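K.L.:
Structure provided below as structure tokens; questions to follow.
Bear in mind these aren't lab numbers, they're just calculated from the coordinates by the rules spelled out. This is a predicted model, so every value here is computed, not measured. Glycine also receives a Cβ, built like all others from the backbone with ideal geometry; neighbour counts cover every protein chain displayed.
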Amino acid sequence: FTSKDRGKIRLSAEYIVYTMFATNYIGIAFARTLHYQFYCWYFYSLPILHGLSWISTSRNAPASASRILLNLLLSVTAIVGAEFAFNVFPATAQSSIILQISHLFLLGKIIMSDVPTMEFHDERKLK
């Protein structure tokens, strides 16, 4: 590293993945039409987004076991709902509503959760 690289920020992998997947997901959630082709490439980001975004009542308090289980159960239900909705052909009112509810749930989690932290590295401390 040169001297001008020393004060730069190194972003964590979680921060980069969360930012890219969340912005992509928001575009999908507000799209006018959704096709199965979209689902093929954004499906893999759903578990990661659900895992990185947690609904909590207090930002500093540790989550209880019941809250973790409830969050996990709702996240799995939302992912299964999206899978069900995209596997119904032709789309019905019920499958569209299930997909919208699944999308709204994850969108709410993204809005209410903290963004993963960025890692700051001071190169002088590493030497």
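K.L.:
Can you give the extra length, in nm with one decimal, that the chain gains between His35 and Val115 once fully stretched, where that is 0.36 nm per residue apart less the Cα-Cα distance?
P.N.:
My answer for the length gained is 25.9 nm.
K.L.:
If I model a spin label as a point 7 Å beyond the Cα along the Cα-Cβ vector, how far apart are those points for Ile26 and Ile9 in nm?
P.N.:
Rounded to a tenth, the inter-label distance reads 1.6 nm.
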